[in-house]
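K.L.:
For reference, the structure I am asking about is given below.
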Amino acid sequence: MEITVKDLKFNNHGEEYPEGYRIVYFYDDNYSIGEYCKTIEGFMIGFVECDPIMDDDDIPEFISIDDMLDRYLKEVPNADSIRIYKTNGILIAKKERTKKNKINLICSAILLLVGLAMFILPWIKILDPVKILYVVFSIYALVKLVEYFLTRNGSDLENLYTAIASALAAISGFRFINYEPTIVLSMTLASWVAVMSIIKLIKLDYYHDRENGMLYVNLITFSLFILLGLLTSINLYFNETVQYIMLAFFFVVNGLLMLAENGIRILVTSKALDISDINK
């Protein structure tokens, strides 16, 4: 995402602002230019709770830039970060919404741990591989649904779609529970991978349309996910021990891919833009 000095210097009518400051709202895939003020303290007028303003006491006291950016994050819940630029393009300060990033990483780590836990199943054998797969899908559905509601973004529904796909895969277990276990195991995983591939393609198209740098990261993880899913589905026709190990390997690597996606996205979106990054 590239900001131009022209974006910062001119309003929507093409009129140039005198030297001052602009608020910029950053989202997952784009940004929007906000208010202009000649001074940083002047932005506090935007937080006045009464209309009209009767006197200066109605304007909240300016405490610090950090406090002011916190106010903006509360005012604009969909924004991932808020930044202040001078109209000549110099970055003054920024504030990230760390809660969303932490939730994304925690949820990815939980799903990775689920995969790691599966490696001990060949020795415990509490449930057969088919039932274990449906339990894992249920966990995926729950975690992704929680992640969606805690980090909700109207333009990004990947977590919601993943939760629905995983829930449907888990529910299908009741329909095919009496069929040949090996076939059910392979076909269920292959079907889930196919649906997830469509969901990931939608996300790739979403990034492509917005020229988002995460396109290439997601393209790599998408390719690895497809390859991993095919190899795992094919190798589920062996004995139970191999099935346990293959499923564990699949969900561990998938957890690592999700963790990598979220980690790289956080690094990309938190990269500060200064005058050297802005197109003139």
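No value in this document is a laboratory result; all are computed from the given coordinates. All of these numbers come straight from a predicted model, not from anything done at the bench. In this analysis, Cβ positions are derived from the backbone assuming ideal geometry, glycine residues included, and neighbour counts consider all displayed protein chains.
K.L.:
May I ask you to list pairs of residues, at least six apart or on different chains, whose Cβ atoms are under 8 Å apart, with the first in the stretch 125-152 being more than 14 Å from Q243 (Cβ to Cβ) and the second being buried (at least 16 other Cβ atoms within 10 Å of the Cβ) and of a type in the set (D, E, K, R)?
P.N.:
As it stands, the answer is L150/K100; T151/K100, since those pairs meet every condition given.
K.L.:
Inside the stretch 60-75, can you point out the residues that are closer than 28 Å to F10 by Cβ and either small (G, A, S) or surrounded by 16 or more Cβ atoms within 10 Å (Cβ to Cβ) (or both)?
P.N.:
Answer for the stretch 60-75, where residues must be closer than 28 Å to F10 by Cβ and either small (G, A, S) or surrounded by 16 or more Cβ atoms within 10 Å (Cβ to Cβ) (or both): I65, M68, L69, R71, Y72, L73.
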